[in-house]
1. Subtracting the Cα-Cα distance from 0.36 nm times the residue separation, let me have the gained length for residue A:79 to residue A:210 in nm, one decimal.
2. What is the packing order of peptides B:10-18, B:234-242, B:80-88, taking the mean over residues of other C-beta atoms within 10 Å and listing the highest first?
3. Hey, what did the range A:2-76 get for relative contact order, percent, Cα under 8 Å, at least 6 apart?
4. Please compute, for peptide A:54-64, the average count of beta-carbon atoms on other protein chains lying within 10 Å of each residue's beta-carbon.
5. What is the Cα convex hull volume of the range B:38-120 when expressed per residue in Å³?
6. Expressed in nm to one decimal, what extension gain is obtained for the pair residue B:135 and residue B:239 from 0.36 nm per residue of sequence separation less their Cα-Cα distance?
7. For residue A:103 and residue A:155, calculate 0.36 nm times their separation in residues minus their Cα-Cα distance, and state this gained length in nm to one decimal.
8. Quick one: give the max-minus-min coordinate of the C-alpha atoms of the protein assembly as shown along each principal axis, largest first, in Å.
């Protein structure tokens, strides 16, 4: 039995949800309400000591980290539609992109998402309440991120994050000028990673980067990814975010 | 034909060298002299636009990133002795540790290595020469690291790095109290990663953390890894580092 603990179909939760939908794997969905900080509650931290979604429970075995979950489903369900190229070189290309997304892209898009959305939430919480909330966050880095969200990300950090996003757009555009998908000829976990980590909405999140103008191959790729039935199915899962705060997907600035 | 471009048997170069030695794969070794900044020369940047070692050339196909090279050799040479657990859960554990080493460990040990060794080198270069050197480094992050090595890492960054290393020691010790190897019952790329990324010399690099006292399982694991014939073979490859500057491996403070 496959059980996935996840939040809205965005970012790391979307990454895992997309794998299930694309592979047509039936799973039990357990919604974790980040707006109520359920990911820091003791029942959840008992599942994942890092207090982060998504978490996969496969017959009682717990797998965390969305990139690892993606490869796990490939290894555990070889009969389901593959999301990993068949040849060793394709797999290496996929893993290079996964590393790039995880280490040089996701956190920088995320910083802008937090700056626009989580900062508003963090500031709406009364000071004593906020410290109690922080005390429950198991991961040092995550506590610091919440603290910074409240005090405000520095202009230097935000502009460095925009630079990293801009580098990513150039790299992806160059790749997609040569191959239809990031890892080569087949749609893979690399496309799912880049899409979920922010690629889905760069043109709306960073209008100043003029993605539509400078990255036509990326825009065509985006259209091809977004219209996939598995992607549509994942995106149509419930979204409990306050509509006024749906900045990560680029609906608002 | 397998050709590996690498530097001294330390850090990312050691990671790749260990995979070859453990798998008994014959390869042509091409030494890249980081002391002469060969990794930034045009012939090398043509191979790897990021200007970093190691680089694998397999019959003309170029694979970069040591973690990716490790998985590539598993996929491409399934008959050679495996460095990846056979079962999907073991592979997931291996990849979780690989991500942990790559994102939360390696760069922090590295900062201390740079603080103790590269800073001395960077300061020994005349200012105009140093700027010329920087101009040839393709990766923004690497340029900034060199600049900081010359001006000096901040106490706050160094102490945060020590904190990260300390967290890693605790996590590894907890794991090795339960299983003989990081990913479970078999020696894998995860052990190779942690060892090469700094695990080999934590007790010498950070005596203040008292690794020998607080992490007996890690110390026993270290003994088991270091005495493996493949590890010995990799460690005995030529080391051109100035002996007075061999701080990364912990020989000096």
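Any read-out appearing in this document is the output of simple, stated calculations on the displayed coordinates, not a laboratory observation. Bear in mind that the values here come from a model prediction, so they are computed numbers and not experimental data. Here Cβ is always computed from backbone atoms with ideal geometry, including for glycine, and neighbour counts include all displayed protein chains.
1. 43.0 nm
2. Those peptides, ordered most packed to least, come out B:10-18, B:80-88, B:234-242.
3. 37
4. Whole-number average of other-chain Cβ neighbours for A:54-64 is 2.
5. 122
6. 34.7 nm
7. That works out to 16.6 nm of additional length.
8. Result, largest extent first: 61, 51, 49 Å.
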